[in-house]
Amino acid sequence: MKKIALWLISCGFLACNNPDQPADNNAVPAIAEPQSIGYNVLNVYPHDTSSFTQGLELYKGKMLESTGRYGRSSLKITDYTTGKATKSKSLGKEIFGEGITVLNDTLYQLTWQNHIIYVYNAKDLSLIKTLNWSNDGWGLTNDGANLIISDGSDKLYFVNPSDMKLQKVVSVTDNLGPVNNLNELEYINGYVYANRLQYDYIEKIDPASGQVKGRIYLNDILKKFTKADLGYLEKNEDGAYLNGIAWDSASKKLFITGKLWPNLFEIQLSQ
């Protein structure tokens, strides 16, 4: 009896270190690697090479674009088929323009470190008011109710558009951990699509969990599909990175470009 009791006690202690034991029910499940999302390039349009693109939004058939750099920041309405601006307004010399989004015919424009959000009539870019935002401003989109803001970290901030009160914060992660440098944003069919500064891909993010579910790899799209001489981009010290996502909900097409890029690409996603 003593031998049996000792054997049971010994097994009880050893079970704690037995690799064949069931996993802890409280363990956090691993995040799957993001699925690669394929695409086809449908059209290649001209893009103003002086535009340091920070925000892109398709509105009533016209392309709205916010550009950055101190002393050069602007907000424009363009004919995306020609790349020509039909209306443009410059921001102050001390302002660095960032992401934009349109909610209920109202256009919101972030600034980088000025802690200001400009609010315009989206039809004519007339200024309605300004709002305060406490963090850096990078990317901006909306889910139909809240503004969704990125600040260069791994965080997405959901805020009330009328008073900028914070509703929730979501941390973005993939299978390797936190995903930082989240930049220009677009809300598409229940997901947040995000440029990641200095990377040639776009993240597809579940806004409920923050998990990256998919990734659009756009490596060398500019070199493959442009006829322009890209030598000037290689010499640019500001970083002429992929940046700019606009969704056409009617045609289900995506428009993408980059800072100082000579082209705007219309693509169709495979999923």
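What follows draws every value from the coordinates through simple rules; no lab data is involved. Model, not experiment: these values are computed from the prediction. FYI the Cβ positions are ideal-geometry reconstructions off the backbone, even for glycines, and counts take in every protein chain you see.
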- Counting only residues 5 or more places away or on other chains, whose amide H sits under 5 Å from the amide H of residue 55 once H atoms are built in the peptide plane? 66
- Message: If I take R0 = 41 Å and measure r between the Cβ atoms of residue 208 and residue 41 in this structure, what FRET efficiency does the formula 1/(1 + (r/R0)^6) give, to the nearest 0.05?
- Response: 0.85
- Message: Using only Cα atoms and rounding to the nearest 10 degrees, what angle (0 to 90) does helix 2-14 make with the longest principal axis of the chain?
- Response: 10 degrees
- Item | Shape call, region 66-120: gyration tensor on alpha carbons, a/c limit 1.5 | oblate
- Message: Counting only helical runs of four or more DSSP H residues, what would the 222 nm mean residue ellipticity of the chain come to if each run contributes -39,500 (n - 2.57) and the total is spread over all its residues?
- Response: -2000 deg cm²/dmol
- Using the Karplus curve 6.51 cos²θ - 1.76 cosθ + 1.60 with θ = phi - 60°, work out ³J(HN,Hα) for each residue of region 143-150 in order, rounded to whole Hz, and write x for Gly and Pro. 9, x, 10, 10, 6, 10, 10, 10
- Under the Karplus curve 6.51 cos²θ - 1.76 cosθ + 1.60, θ = phi - 60°, whole-Hz ³J(HN,Hα) for region 210-222, x wherever Gly or Pro sits: x, 7, 7, 9, x, 8, 9, 7, 10, 4, 6, 4, 5
- How would you classify region 30-175 from its alpha-carbon gyration tensor, with a ≥ b ≥ c the square roots of the eigenvalues: rounded for a/c under 1.5, else prolate if a/b is greater than b/c, otherwise oblate? oblate
- Linear extension gain, residue 94 paired with residue 135, 0.36 nm per residue minus alpha-carbon span: 13.1 nm
- Quickly work out the residue 173-to-residue 225 label distance, labels modelled 7 Å from Cα along the C-beta direction, and quote it in nm with one decimal. 3.4 nm
- Task: Pull out the extension gain between residue 82 and residue 113, defined as 0.36 nm times the separation in residues minus the alpha carbon to alpha carbon distance; nm, one decimal.
- Result: 8.0 nm
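Full-extension gain between residue 126 and residue 59, please, as 0.36 nm times their residue separation minus the C-alpha to C-alpha distance.
Stretched fully, the residue 126-residue 59 segment lengthens by 22.6 nm.
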- Derived scalar couplings ³J(HN,Hα) [region 261-269; Karplus, 6.51 cos²θ - 1.76 cosθ + 1.60; whole Hz; x for Gly, Pro]: 5, x, 9, 10, 10, 9, 10, 10, 7
